[in-house]
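Colleague: The structure's right below; bear with me while I get my questions together.
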Amino acid sequence: MRVAERLHIHRNTLLYRLEKIGKLSGRQVREPGQAIEMYLACLTDILQETTTQGKVR
């Protein structure tokens, strides 16, 4: 898996982490549509943090 190589982790570690994320979130992260939704949610959270940095939420 190229993703595991780019993250410098073993393939099984990547699969384990994806499974764990799926269990915690209740989503199927290997399903493209749901993976994109999760990616966008994470990106939104990061953008909100950077725009409100130093401000009280």
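Colleague: Enter the angle in degrees (range 0 to 90, nearest 10) between the Cα long axis of helix 32-51 and the first principal axis of the Cα atoms of the chain, meaning the one along which they spread out most.
Modeller: Computed tilt is about 30 degrees.
Colleague: So for the chain, taking the charge dipole from beta-carbon charges (+1 Lys/Arg, -1 Asp/Glu), which of 16, 52, 42 sits furthest toward the positive end?
Modeller: Of 16, 52, 42, it is 16.
Colleague: Separate question: When Rg/Rh (Cα atoms, Kirkwood Rh) is calculated directly from the model, which label among [x] 1.19; [y] 1.10; [z] 1.02 fits?
Modeller: The value matching this structure is [y].
Colleague: Rounded to the nearest 10 degrees, what's the angle between the helix 11-25 long axis and the longest principal axis of the chain, both from Cα atoms, 0 to 90?
Modeller: Approximately 50 degrees, to the nearest ten.
Colleague: Where nothing but the Cβ of Lys and Arg (+1) and of Asp and Glu (-1) is charged, how large is the charge dipole of the chain around its Cα centre, in debye to the nearest 20?
Modeller: 160
Values in this text are rule-based calculations from the coordinates and carry no lab data. Everything numeric in this text was worked out from a predicted model, so none of it was measured. For neighbour counting, all protein chains shown are included, and Cβ atoms are generated from backbone atoms with ideal geometry for every residue, glycine included.
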